[in-house]
Amino acid sequence: MTLALSGEMAKRKRIDYSKFALAKTVPIRSPKHLAYVRTFPCSECGDTDDIQAHHLTIIKGGGGMSRKTDDNWVVPMCGICHHYLHWMGEQPYWTERNLDPKLYAALLWDSFNKGKRV
């Protein structure tokens, strides 16, 4: 019985987990793109000092442990605006300002790739 069972297990196909909705994907990491984003002024106030690349947490449902968004979903922010955004919460911050950071991040990623900086 043990031999038959082990032979049966050997014939089974492996499950392709990439077909599932919550499949893990390889994250996009690009230090060059982050450096490129930091060359732009703050997306909120226009300041050019202490620019940081803010990863949009609204892309993956609020972030959390091991859920950092890909490097293509970043916008430039000065240290003060970046701190205030994290204090206030991302969705209320952008809603109050009537801004769409996803559009800006997509435009930055597109312009970065057109310049062949990857």
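Could you list, in sequence order, the residues of the stretch 75-97 that are open to solvent by 90 Å² or more (accessible area, probe 1.4 Å) and acidic (D, E)? E96 - this is the single residue of the stretch 75-97 that is open to solvent by 90 Å² or more (accessible area, probe 1.4 Å) and acidic (D, E). If you go through the stretch 98-115 and keep only what is assigned to a helix (DSSP H, G or I) and either in contact (Cβ under 8 Å) with a residue 40 or more places away in the chain or loosely packed, with under 10 Cβ neighbours inside 10 Å (or both), you end up with P101, K102, Y104, A105, L108, W109, F112, K114. Of everything in the stretch 25-39 that is among the charged types (D, E, K, R) and part of a loop (DSSP other than H, G, I, E, B), the residue that is surrounded by the most Cβ atoms within 10 Å (Cβ to Cβ) is R38. Given the criteria modelled with pLDDT of 95 or more, assigned to a loop (DSSP other than H, G, I, E, B), open to solvent by less than 100 Å² (accessible area, probe 1.4 Å) and of a type outside the set (S, T, Y), does G46 qualify? So G46 passes the test. When residues in the stretch 22-61 are screened for being free of Cβ contacts under 8 Å to residues at least 12 places away in the same chain and in contact with a helix residue (DSSP H, G or I) (Cβ under 6 Å, 6 or more places away or on another chain), 1 of them pass. Condition check: at pLDDT 95 or above, of a type in the set (V, I, T) and under 24 Å from D110 (Cβ atoms). Does T57 satisfy that? No, not satisfied.
The values are calculated or read from the model by the stated rules, or taken from the named source; none is laboratory data. Keep in mind the model is a prediction, meaning the values are calculated, not measured. Positions of Cβ are generated from backbone atoms using ideal geometry, with glycine treated the same way; all protein chains shown enter the neighbour counts. Areas reflect the complete protein model, heavy atoms only, side chains present, ligands, DNA and RNA absent. Shrake-Rupley method; radii C 1.70, N 1.55, O 1.52, S 1.80 Å.
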